[in-house]
Each structure stands twice: as C-alpha cells, then as structure tokens.
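> The structure is given below, and queries will be raised subsequently.
The values are calculated or read from the model by the stated rules, or taken from the named source; none is laboratory data. All figures in this text were calculated on a predicted structure; none of them were measured in a lab. Neighbour counts are summed over all protein chains in view; Cβ atoms, including those assigned to glycine, are modelled from backbone coordinates with ideal geometry.
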C-alpha cells in the first residue's frame, strides 16, 4: 500500500497559485499517510548577478520566510507537521532534486508552473526538470 511508503513529502514553494495548490494536495496526502511535509524555497541567484546580490538575497529571504511561515500555519491547522528550508541556488530544479535525495523525501508535490518568466508554458521548466529527473514519485498539481 502506497500510504505506508510515504513518510516525508517535499513541496517546492515559490508563492505561485500552482505551488500553493501543491501545498494543499501535500497536506491532504500527509493526512492520509501520517506523513510530514518539508517545504523548500530556492532563492534563484544566477552566478552572473553580482550587483546588489546581498540586497537581492536579503529581500528574497524575507519574502520566502513569510511564505514558509504561512505554509507552516496552514499545515498546522490541518494537523500536519511542516518544516522548511530556504536555499540559494542557480538551478532550482537541480537544487530541489539534490535536496530531496539528501533528505530522503518519499514524494515531491510541485506546481505545474511557478513564477517563471514564461507563465504560458504548458509545464514549467522547473517542474518539467523535476518530473523527468526525479528518482522518486512526483505529483504535479495544476
């Protein structure tokens, strides 16, 4: 039975409607499986961005913390344990998969599209990368 296998659910959150719907689905699954949720936010800092890098990271981190604390509150209201990690990286898809592997996630629940520049794509580049490269199950939420 799949519910016995899912104990840790990784949910990448960027504040987009799809990522928040992903959180809702993860909360539902976590309740069914008695699993915990780990939210992850990747502050995308391209290596080429040198000017105002500290200022950018500081503002992004505060925004990410507010997002994650809100997600933690929402999960707690549904009786689900939620922890989170905010990391810096130049490739969010790669960083999400590396984190899921290093922290032994059992399932990744990710929004179909995030806050990327091309919002009209059928499947966002990050979710597409995660779907095709992940070694664990991935649930894509629209």
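> Scan (1) modelled with pLDDT of 90 or more; (2) surrounded by 15 or more Cβ atoms within 10 Å (Cβ to Cβ); (3) in contact with a strand residue (DSSP E or B) (Cβ under 7 Å, 6 or more places away or on another chain) for the single condition residue 60 breaks and write down its number.
It fails just one condition, (1).
> Another question, if that's okay. Does residue 100 satisfy the condition of being modelled with pLDDT under 95 and assigned to a helix (DSSP H, G or I)?
Judged against the criteria, residue 100 is not a match.
> Quick one: how many residues across the stretch 60-87 are over 18 Å from residue 6 (Cβ atoms) and in contact (Cβ under 8 Å) with a residue 12 or more places away in the chain?
14
> While we're looking at this one, here's another question. Count, please, the residues in the stretch 116-142 that happen to be modelled with pLDDT under 65 and either farther than 23 Å from residue 101 by Cα or surrounded by 19 or more Cβ atoms within 10 Å (Cβ to Cβ) (or both). Reasoning before the result, please.
Here is the first cut: in the stretch 116-142, the ones modelled with pLDDT under 65 are 116-123.
Right, trim to either farther than 23 Å from residue 101 by Cα or surrounded by 19 or more Cβ atoms within 10 Å (Cβ to Cβ) (or both) and you get 116-122.
Here the count works out to 7.
> Moving on. Can you pull out every residue in the stretch 6-27 that is part of a helix (DSSP H, G or I) and closer than 12 Å to residue 107 by Cβ?
22, 25, 26 - these are the residues of the stretch 6-27 that are part of a helix (DSSP H, G or I) and closer than 12 Å to residue 107 by Cβ.
> What number of residues in the stretch 80-96 are out of contact with any helix residue (DSSP H, G or I) (no Cβ under 6 Å at 6 or more places or on another chain) and under 15 Å from residue 8 (Cβ atoms)?
3
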